[in-house]
C-alpha cells in the first residue's frame, strides 16, 4: 500500500521535522531502497520536501513541517486507531497499514490514539444462542472516553437482582461480546465486569484511575471470558470440606470439576465442586458423605437428604427389597 506509506512519511516529517531513509525504513518496515524511492516520489509529486546532504543530512519539509498535513482531528485519529488496534475486525493488511500511519501522527494525537486501541475489544462470538441485536448503550461514549483518558467514573448500576447502587470505578476498557456490551473496571473490592445495559448513570471525573501494574484490557478479558465459560458449562458451584482420606475418591468422582483450596486447623480440606445441576451432583457425591460435608448451596444438601431417605426406604431394615 504505497499511498499509505507516503502519507505516513509526510506525518513523520511533520512530527520529526527531519528523517533519514534508514528511519523511514525502520518505521514502515521496508527496505532503505524503498524508503528512498518513496521520498523521491513525494518530491516529484509536488510536495515541498527537500534533502540535506552530509553526515547529519536527511529529508525535510519546507517551512519546518508545521502545517497539519494529516487533516485529522484528535477524535478522528482515535477512531482510526480503533480500526487499526488489536481488537479490530479489519483484515491484517488494512490493520498493518493503518498502524503504520497512526504511528507517524503527532505525539499529542498518537498517545490518545494508542490508548483508544487498547480500550475496546470486539468479540463477535456470543455466549450460548445468539441474541437479537441490542441497542447502543446510552453511556458507551462517556465510559470509553474515561477509559481512554484514564479517569475515574461515578457509576450508577442495577444488578441482576434489581438492586441499585452507586460506586466509584476505575475503567479499564469496554468489551463488545456478540450483541452485548460490558465495562471492565476496578473498584474498591477488585476487578468487576458491568453489563452496560444495566448502567443507570455515568459521571466522568478528572481523578486518575488506579490500576494494578501490568494489567491491560486484553489479558483481563481473557481471564474473565475463561471464568464465564467455566461457569456457563458448570453453573452449579458447591462449597464443601473433605476429609483428607476421601480426597482421592472425590477426585475420581468429579475429575477436572474439582478445585482444591486450603486446609483448616483440623486438617479438613476446603474444596469447590462444579457441575451442570444440583440433583446430578448430589447423586454423584452421595457415596462420599462419609468424608464430605456440603456447606452450600442448600439445594444440594436437600437433594442428598432426599436421596438418603430413598436409599434407606428401599434398602434399609429387614423389609429391604431383594
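Coordinate-derived values only; no laboratory data. Only a predicted model underlies this, so the values are computations on that prediction, with no experimental measurement involved. Quick reminder, even Gly has a Cβ in these numbers, built from the backbone with ideal geometry, and neighbours come from all protein chains shown.
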Can you tell me the relative contact order of the range 234-315? Whole percent, Cα pairs under 8 Å, sequence separation 6 or more.
-> 38 percent
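Using the Kirkwood radius built from alpha carbon pairs, what does the Stokes-Einstein equation give as D for the range 140-231 at 37 °C and 0.692 mPa s, in µm² per second?
Details: Rh = 13.4 Å.
Estimated diffusion coefficient is 245 µm²/s.
If packing is taken as the average number of other Cβ atoms within 10 Å across a peptide's residues, how do 248-260, 28-40, 155-167 rank, most packed first? Mind dumping the intermediate values first?
On the way: 248-260: 14.5, 28-40: 16.1, 155-167: 12.3.
The most tightly packed comes first, giving 28-40, 248-260, 155-167.
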In Å, what Rg and Dmax follow from the Cα atoms of the range 163-322?
-> 21.8, 77
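I'd like the FRET efficiency for residue 245 and residue 160, computed as 1/(1 + (r/R0)^6) with the beta carbon distance as r and R0 of 25 Å, rounded to 0.05. Numbers along the way, then the final one.
On the way: r = 40 Å, r/R0 = 1.60.
Result of the calculation: an efficiency of 0.05.
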